[in-house]
Amino acid sequence: MRTPASASNLALSPDPAFGADAVIAFSERDFNTVRQLIADYAGIKLSVQKRNMVYNRLLRRLRAHQLNDFGDYLQLVTANASGEREAFVNALTTNLTAFFREPHHFDLLAAYARDRIGKRRPLRCWSSACSTGEEAWSIAMVLRETGCPGEVLGTDIDTDVLETAQAAVYRMERTSGLPPERLRQHFLRGTGANDGLVSVRPDLRAMVRFGQLNLQSPVWPAQERFDVIFCRNVVIYFDREFQKKLLHRLADLLVPGGLLMVGHSESFPAAHPGFRSCGRTAYERLDG
Ligand SMILES: C[S@@+](CC[C@H](N)C(=O)[O-])C[C@H]1O[C@@H](n2cnc3c(N)ncnc32)[C@H](O)[C@@H]1O
């Protein structure tokens with residue numbers, strides 16, 4: 001354990017878990033170590049403004065290990081056999097998502113899927129930072145509704161959100177924006193102990209599989225190319241260099257004529273010669 005930090009390094013609020021007056025020190029050095037580690041592990045660049053957020057999120061991890069020193073905790077994260085690295089990454093990701101978020105992408109997907117009906121193989125789609133699964137399920141709903149055979153892969157670095165995605169059970173409020181017809185077609189309503197929950201219907205579940213994938217890792221297991229890739233609201237967390245590399249890899253993984261959808265504040269494919277804009281934050285993979 002380290003010596004107490006100076007007053008200027010003291011963190012922001014007392015922690016009730018360690019007594020009313022206890023304050024867990026979170027020094028500039030701790031914060032910089034966190035920033036370095038999450039950049040190394042996940043490519044995520046944390047701005048200095050995120051210090052409070054980082055403190056609050058990691059405090060829960062300290063509590064889980066009954067630690068009261070960030071230095072000790074960070075040693076645990078970096079220790080090979082501790083297994084804490086995964087929980088550290090999970091704690092620092094931002095997982096905001098929704099069914100049919102940025103709906104224009106799903107209109108475009110529907111048009112693309114309709115054009116593909118009757119082609120020899122099912123449409124292959126990838127939700128590459130799928131969070132709790134809403135994006136992947138939304139893609140599957142569109143394929144089902146258009147009658148286009150297809151399969152969806154949902155991946156994320158965060159193993160906690162993947163558990164939710166895989167379970168495919170959501171609080172009813174999460175689906176409140178869906179038209180009743182869509183809700184009926186794709187979800188089962190919980191009753192009794194499951195009141196207030198909805199569960200994705202088995203036919204939709206059969207179209208989607210989830211797995212962990214760090215977009216930063218040098219090897220991706222995908223064997224075949226995709227027709228449509230959703231890479232939305234994740235590259236904003238990466239630096240320019242990583243964004244560029246990622247874009248090249250995504251381009252390689254798309255079939256000619258395939259679609260890449262990015263988040264509302266992300267225009268990173270615009271400058272790539274292999275893509276042409278084909279709608280709001282949507283890009284078509286050019287041949288060659
Ligand atoms: C804000 S959510 C976006 C979810 C969804 N794509 C959407 O637009 O609604 C960002 C997701 O990216 C994931 N993520 C962050 N870094 C990642 C990485 N290096 N590899 C894979 N996923 C990552 C996070 O875990 C989080 O679930």
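From Cα pairs below 8 angstrom and at least 6 apart in sequence, can you work out the relative contact order of the chain, rounded to a whole percent?
14
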* Structure fact -> Nearest 10, in degrees from 0 to 90: the angle of helix 28-42 to the longest Cα principal axis of the chain is 30
* **Distance in nm between pseudo-label sites at M172 and A206 (7 Å out along the Cβ direction from Cα)** => 2.8
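With Cβ to Cβ distances under 14 Å as the rule, what net charge do the other residues near S82 carry (K, R +1; D, E -1)?
Numbers: positive: R61, R85; negative: D72, E84, E86.
Result for the neighbourhood of S82: -1.
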* Given H placed on each backbone N at 1.01 Å, which residues far from G263 in sequence or on other chains put an amide H within less than 5 Å of it? -> N233, V234
* Fraction of antiparallel bridges per DSSP, the chain only, in percent to nearest 5 -> 40
* **Net +/- balance of residues flanking K50 in space, Cβ distance below 14 Å, scoring K and R +1, D and E -1** => +2
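How about region 194-288: which GluC sites (Glu not before Pro) there are in a DSSP loop, with at most 11 other Cβ atoms within 10 Å of their Cβ?
Hits after loop and neighbour filter: E224.
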* Just how far, in whole angstrom, is region 58-85 from region 97-171 if you go by their alpha carbon centroids? -> 35
* Asked: Given only helices, namely DSSP H runs of n ≥ 4 each adding -39500 (n - 2.57), what is the per-residue ellipticity at 222 nm of the chain, to the nearest 500 deg cm²/dmol?
  -> -11000 deg cm²/dmol
* To do: Treating the angle as unsigned and between 0 and 90°, give the value, to the nearest 10°, between the Cα long axis of helix 51-64 and the longest Cα principal axis of the chain.
  => 80
* Helix 240-253 sits at what angle to the longest principal axis of the chain, using alpha carbons and giving 0 to 90 degrees rounded to 10? -> 30
* To do: Report the label-to-label distance for V219 and K119 in nanometres (one decimal), using points 7 Å from each Cα along the Cα→Cβ vector.
  => 2.9
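Here, each number is a calculation from the coordinates, and none is a lab measurement. Owing to the predicted nature of the structure, the values given are computational and were not obtained by experimental measurement. Note: ideal-geometry Cβ built from the backbone for every residue, glycine included; neighbour counts use all protein chains shown.
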